[in-house]
Every structure is written in C-alpha cells, then in structure tokens.
1. Can you pull out the residues in region 73-128 that are in contact (Cβ under 8 Å) with a residue 60 or more places away in the chain, of a type in the set (Asp, Glu) and open to solvent by 60 Å² or more (accessible area, probe 1.4 Å)?
2. Looking at region 15-28 only, could you name the residues that are open to solvent by 40 Å² or more (accessible area, probe 1.4 Å) and of a type in the set (A, V, I, L, M)?
3. Can ALA44 be described as at pLDDT below 95 and either under 22 Å from PHE82 (Cβ atoms) or surrounded by 18 or more Cβ atoms within 10 Å (Cβ to Cβ) (or both)?
4. Given the criterion within 16 Å of the chain's Cα centre (by Cα) and open to solvent by 60 Å² or more (accessible area, probe 1.4 Å), identify the matching residue among LEU56, LEU65.
5. Name the residue, out of VAL49, VAL107, VAL113, VAL27, that is assigned to a helix (DSSP H, G or I), within 13 Å of the chain's Cα centre (by Cα) and β-branched (Val, Ile, Thr).
6. Assess whether ALA138 counts as being open to solvent by 40 Å² or more (accessible area, probe 1.4 Å), farther than 21 Å from ALA20 by Cα and either modelled with pLDDT of 95 or more or among the small types (Gly, Ala, Ser) (or both).
7. Out of the residues in region 35-46 that are in a helix (DSSP H, G or I) and not small (Gly, Ala, Ser), which is farthest from ARG73 (Cα to Cα)?
8. Given the options VAL31, VAL8, name the one that is farther than 16 Å from LEU114 by Cβ and either among the β-branched types (Val, Ile, Thr) or open to solvent by 60 Å² or more (accessible area, probe 1.4 Å) (or both).
Amino acid sequence: MTKRPITVQAAAALQAAEGAAAVGFGVFTGVETAAGAAVDPASAIGVTVLALAGGLGMLGCARGLLRAAQWSRAPTVLTQLFALPIAYSLWQSDRPAIAVPLGLVAVLALIAVLSPPSTAWLIEDHDEDDEDAPKEPAPAKAAGAPPTGEPRSLGRRLKDRLNEQPAKKGEN
C-alpha cells in the first residue's frame, strides 16, 4: 500500500475531532434531558439523536479516509460545508468561542480533503497493493491501458470491469 499523505491524515483527524465533539454534545444533551433540565424535552431528544448519529457518521467518515475508502470523501466535504453556515450563525449569535474553532476546522478540513495529494491517494486502487492477499496472475494488458505502476482512474477501472464481464447469450 502506498504511503498515506499527511493531508489525508489531517482531514481524518479534523473530521474525527468534529465527530467526537458532536458525540460529546449528544451525550451531554441526553444526560441533561434525562435529568429533567431541558426546557423542551421533545426538542432535546431530537437534538440528542441527531448529534449522536451525526457524530458517529463523522467518525465513520474519518475512519474511511484513513482506510482509503473512496465513499468517505463526499460526506466529509458535505459535513464541512454544513459546518460553515453553522459557524457563521454562531458568530452572529455572539458565540465566537465556538464559531471561530468550528469555522477554522471546517476550512482546514476542506483544504486537506480536497488537496491534490488526498485526491490522488483516495482514487488509487489500494486493494491491489495488499501484501496479505494472494497474488493472482496479471490479466492481459488492454489496449490503451496505463503503464504498469500508474494509478488507474475510476473511469478506467469501471471500463476494465465492464470488459471483464461475460457477454449475455444472444449478444454476439
């Protein structure tokens, strides 16, 4: 497996920090609600569930980034894009102690996850580099395939998989 870029590590760390903060907030809200301190218990329960689910989702995305899961990039970008208007709203509500760190983390995470090294590493096919997997014979090189050692694009991998599929009966 190729070495994980520092930008991916940074994006995963920032995403995990936000996820941990959301889970912590969800636990805090849940405890306060259970203790009877919530002004509106129905809303507090909803906030608790959303914070816990969102935080766990962000932690899952951080893990996905570290494991080079291509699916993890889009939700990571979306959570950062959602965090920016929340930070702005907190700023307008005279909560700069929360708004500034949230906005800063969101911008830094966006820069890290959208950087060229992160993009290149996340689109690589890391399954083929696994040393523990049994080695299969290399398939015959298709015309127009990239040279050996060069990462294949997602489009190229999809095209290769389609070419490997057996033809249906009657499609000859």
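1. Passing the criteria: none in range.
2. Hits for region 15-28 are ALA17, ALA20, ALA21, VAL27.
3. For ALA44, the condition - at pLDDT below 95 and either under 22 Å from PHE82 (Cβ atoms) or surrounded by 18 or more Cβ atoms within 10 Å (Cβ to Cβ) (or both) - is met.
4. LEU56
5. VAL113
6. yes
7. The selected residue is PRO41.
8. Testing whether each residue is farther than 16 Å from LEU114 by Cβ and either among the β-branched types (Val, Ile, Thr) or open to solvent by 60 Å² or more (accessible area, probe 1.4 Å) (or both) leaves just VAL31.
The values are calculated or read from the model by the stated rules, or taken from the named source; none is laboratory data. Owing to the predicted nature of the structure, the values given are computational and were not obtained by experimental measurement. Please note: Cβ atoms are built from the backbone with ideal geometry, for glycine as well, and neighbour counts cover all protein chains shown. Calculation scope for accessible area: heavy atoms of the full protein, side chains included, ligands and nucleic acids excluded. Shrake-Rupley method; radii C 1.70, N 1.55, O 1.52, S 1.80 Å.
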